[in-house]
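Okay, so here's the structure we're looking at.
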Amino acid sequence: MAQSIGTLNQIHAVGAEASHRQRACPVRNSWRSTCRRGNRIDQAYVDAAVEHVRRTVGRPSLTGPGERSPQVTFRLTPEEKAAAKALAEREGKTVSQMAREAFARYIRENTDHAA
């Protein structure tokens, strides 16, 4: 049941596209959940909505479609961060783009190609 609640919370987070409301079922005079477009919310609907969120939320993958890119995190002084942000803005890049380029250049220049 906890997974179902978590899944429904993920659907709510998507917003209007995947939100749901209660409507009366005209045949049985009972309540059932439907999305705004009138589609019934069943397990297949939930699975599709969760898959859609997994594919579309967040930054694009550098590894490939549907795959997570590895991340590297490191700390800077406030001065280094400000300088990096200013330089990135001047170059029309993000700090992440600039850091990836610098890291890739460092690896290329310091990798022993004979090994």
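Extending 7 Å from the Cα toward the beta-carbon at both Glu80 and Phe103 defines two label points whose distance is 1.3 nm.
Taking other C-beta atoms within 10 angstrom as a stand-in for reagent exposure, Asp42, Asp112 fall in the order Asp112, Asp42, fewest first. Summary of packing: across the peptides 67-74, 96-103, 79-86, the per-residue average of other C-beta atoms within 10 Å ranks them, highest first, as 96-103, 79-86, 67-74.
None of the figures in this text is laboratory data; all of them are computed from the coordinates on show. Since the model is a prediction, treat every value here as computed from it, not as a measurement. Don't worry about glycine lacking a Cβ; one is built from the backbone with ideal geometry, like all the others, and counts go over all protein chains shown.
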